[in-house]
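In what follows, a structure is listed as structure tokens, so that the remarks can point back to it.
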Amino acid sequence: MDKYYVNTYYVFKQLSTRRMAIMKNVTIALDEKTLAAGRSYAQSSGTSFNALIRSLLRQTVVNPDSASRLREFFSVADRARPNAHGRRWSRDSLYANH
């Protein structure tokens, strides 16, 4: 079991000129490698690390339907038994007629 403390405090986020959202700020403990990889991924995706974490939590906890659909897709793909009946092709031959 992790022996880290989680601290929370409120953050106000400006949504528009008339609307604000009250959000809780959460402190988490991550190892350096995970933190660096997360920041790098967020930057290459054009987002912040915080926005990345929010999005991942929303997808897996708040809207689990999208996560379950993705898991189901990969489950079906893993069980599929494709059979090309011995035929082989190359990328060039696939696009030759186009």
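The values are calculated or read from the model by the stated rules, or taken from the named source; none is laboratory data. Quantities reported herein were computed from a predicted structural model and do not represent experimental measurements. Here Cβ is always computed from backbone atoms with ideal geometry, including for glycine, and neighbour counts include all displayed protein chains.
General observations
- Subset of region 19-50 [surrounded by fewer than 12 Cβ atoms within 10 Å (Cβ to Cβ), touching a helix residue (DSSP H, G or I) at 6+ places or on another chain (Cβ under 9 Å) and not hydrophobic (A, V, I, L, M, F, W, C)]: Asn25, Ser45
- Exactly one residue out of Thr8, Thr17, Thr27 is at pLDDT 75 or above and polar (S, T, N, Q): that is Thr27.
- Number of residues in region 47-98 that are hydrophobic (A, V, I, L, M, F, W, C), modelled with pLDDT under 75 and either assigned to a loop (DSSP other than H, G, I, E, B) or more than 30 Å from Leu30 (Cβ to Cβ) (or both): the value is 3.
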